[in-house]
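S.K.: The structure's right below; bear with me while I get my questions together.
The values are calculated or read from the model by the stated rules, or taken from the named source; none is laboratory data. On a predicted model such as this, the values are computed, not experimentally measured, just so you know. Counting neighbours? That spans all protein chains shown, and the Cβs are built from the backbone with ideal geometry, glycine included. With ligands, DNA and RNA removed, areas are computed over all heavy atoms of the protein, side chains included. Shrake-Rupley method; radii C 1.70, N 1.55, O 1.52, S 1.80 Å.
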Amino acid sequence: MGGEAGERRLGRAMSFGIPDVALGLVMGFVEDPWDRDAISLVCRHWCRVDALSRKHVTVAMAYSTTPDRLFRRFPCLESLKLKAKPRAAMFNLIPEDWGGSASPWIRQLSASFHFLKALHLRRMIVSDNDLDVLVRAKAHMLSSLKLDRCSGFSTSSLALVARTCKKLETLFLEDSLIAEKENDEWLRELATNNNVLETLNFFLTDLRASPAYLTLLVRNCRRLKVLKISECFMLDLVDLFRTAEILQDFAGGSFDDQGQVAESRNYENYYFPPLLHRLSLLYMGTKEMQVLFPYGAALKKLDLQFTFLSTEDHCQLVQRCPNLEILEVRDVIGDRGLEVVAQTCKKLQRLRVERGDDDQGGLEDEHGMVTQVGLTAVAQGCPHLEYWAVHVTDITNAALEAIGTYSRNLNDFRLVLLDREANITESPLDNGVRALLRGCTKLRRFAFYVRPGALSDVGLGYIGEFSKTIRYMLLGNVGESDQGLLQLSTGCPSLQKLELRGCFFSERALAVAALQLKSLRYLWVQGYKASPNGTDLMAMVRPFWNIEIIAPNQDEVCPDGQAQILAYYSLAGMRSDYPHSVIPLYPSV
């Protein structure tokens, strides 16, 4: 009793006399999960208050805990984000049968989490039965359902959700693989049974969408502010846009109609809603882009990744959008286009430049050339950038130094060096990376995917030394030897998630690095010096640490370029749904 009494006195002392209710309200303003975790470690009293007041939790790896354990820790959760398949699954690097079923989670969420109103599942397999169980338990209170890059369910389940979840404000299905895609009755059900919907997103899906049902939805859901749809001919959406008076964000539509001659399409005086300021259009060409000219000054976000625009088209369009805060393009924009961005978009906060020759539904364009010239211009001209992901053909140390000098607000920077040219201007890029990391002190996420020789062991040492705040890191084709990885692992005190591809470090080095990175919770590696049975990886074994080898064939030794390691902290122990393509190394079967 003396110990418990002492603990209560300590809890009161640490709370400075603040009542538990007030302390819980104060904690509610602390949004960063790292800060909340730190608060919960002050004393057991604060841990209990945190547990009862925590309204949202993100579980970055579904196999890292169990639904029951999560419920015991946070019994009053109102919102949950749950991820399963590794991020590499988005690039078809993970076997289809790897795992990631949502069934055990949804059963427990439906039975125990009595306050749950919002559920976000990412890269998970969600069956029709899962949605049926969820709806039966939560239809009366569910306000947000996000099935983000998920698969396994059909439009029949969507119809059930639409028909019964009458308080649903957000339905998010982007980039999900959905069966019975031609059946759009779910959209009619949503339009006729819901009048509080604010966000509907089925962008980058193959779902059929009737213009009549979409217009009915907009007419009945007067709060709808975000609408992101699949391909639907723009001339069929005229009535929708005239009805959607408060629509602010639209994505989808299409300027490509196979059944209509291009010359007969008339976009003169095309109407967009007055509050619309975020826009992404499909298959827009030079003739069609003029519909945006009258609205350019109002736009804050513009996504041109799925258009047929040339470098010159990008320049003309961007010049009319001085208030952009978010711009997403392909590298066809070129250095010239980025220079126009730097001159025009002084409020820009997020910039994404994707590779232009990837398979994007048959899109073809001239090869853009984004190099150190464009990067330097953007760094100098857009001082408010917080997120910057870019595919480049060439890069220099000076350009990276410019980013470190001028882009001090960056919290997420990702660079991919393409292999279009035989040589790059300058190599290695060690000094540029050092300058970038020293200057961008707010970085939390960092990706540097280059080509062999572009970053030496010295550069890896710089990354370890100057990555004080980085929590996520992706490195590709970096380093010269194991020594570089070991130097990196002596630093990076905040690094929780590390992904390595094509670096070919030894198993021993990977194991030692995993042990030295004190905050590491997740490690994914593709391409390393694999041993026949993974013996050297056992050096990274520790309590609550799962190690899996992902192989194309368990009966063969993985070639270096295909071997994969997935290691992660788990309070749930070894998972029970290993497919044949995954070898559990620790805990072993």
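S.K.: Applying the Karplus parametrisation 6.51 cos²θ - 1.76 cosθ + 1.60 with θ = phi - 60° to the phi angles of the stretch 573-579, what ³J(HN,Hα) value in whole Hz is obtained for each residue in order, glycine and proline being reported as x?
M.R.: x, 5, 6, 9, 10, 5, x
S.K.: Still on this structure: Which order, highest average first, do 419-427, 474-482, 47-55 follow once you tally other Cβ atoms within 10 Å for each residue and take the mean per peptide?
M.R.: Result, highest mean first: 474-482, 47-55, 419-427.
S.K.: What relative contact order, as a whole-number percentage, does the stretch 132-192 give when Cα pairs under 8 Å and 6 or more residues apart are counted?
M.R.: The normalised contact order for the stretch 132-192 reaches 43 percent.
S.K.: Now for a different question. From the backbone phi of the stretch 73-83, what are the Karplus-calculated ³J(HN,Hα) couplings (6.51 cos²θ - 1.76 cosθ + 1.60, θ = phi - 60°) in whole Hz, Gly and Pro given as x?
M.R.: 7, 10, x, 10, 4, 10, 9, 9, 10, 10, 10
S.K.: Also, quick follow-up: Among V226, Y283, A51, which residue has its Cα furthest toward the positive end of the charge dipole of the chain, with +1 on Lys/Arg Cβ and -1 on Asp/Glu Cβ?
M.R.: Positive-end residue among those listed: A51.
S.K.: Here is a further query. Considering only the other residues whose Cβ falls under 10 Å of the Cβ of Y522, what net charge follows from Lys and Arg at +1 and Asp and Glu at -1?
M.R.: Net charge in that neighbourhood comes out at +2.
S.K.: Could you please report the charge total around L485, scoring K, R as +1 and D, E as -1 over all other residues with beta-carbon less than 11 angstrom from its beta-carbon?
M.R.: Here the charged neighbours net out to -2.
S.K.: Normalised by the residues of the chain, what does the relative contact order come to in percent, with Cα pairs under 8 Å and at least six apart?
M.R.: 6
S.K.: Ordering H56, H580, H140 by accessible area with a probe of 1.4 Å, largest first, what comes out?
M.R.: From most exposed to least exposed: H580, H140, H56.
S.K.: Okay, next question. With Cα extents along the principal axes in Å defined as stated, name the option among [x] 132, 59, 52; [y] 86, 85, 36; [z] 78, 61, 58 computed from the structure displayed.
M.R.: [z]
S.K.: Explain nothing, just the number: dipole magnitude of the chain about its Cα centre with +1 on each Lys and Arg Cβ and -1 on each Asp and Glu Cβ, in debye rounded to the nearest 20.
M.R.: About 3080 debye.
S.K.: Whole angstrom only: what separates the Cα centroid of the stretch 43-79 from the Cα centroid of the stretch 380-411?
M.R.: So the separation of the two Cα centres works out to 37 Å.
S.K.: Still on this structure, please answer the following. Nearest 20 debye, what's the magnitude of the dipole of the stretch 93-209 about its Cα centre given +1 on Lys and Arg Cβ and -1 on Asp and Glu Cβ?
M.R.: For this selection, approximately 540 debye.
S.K.: Now for a different question. By accessible area of protein heavy atoms, probe 1.4 Å, what ranking do W34, W46, W388 get, highest first?
M.R.: W34, W46, W388
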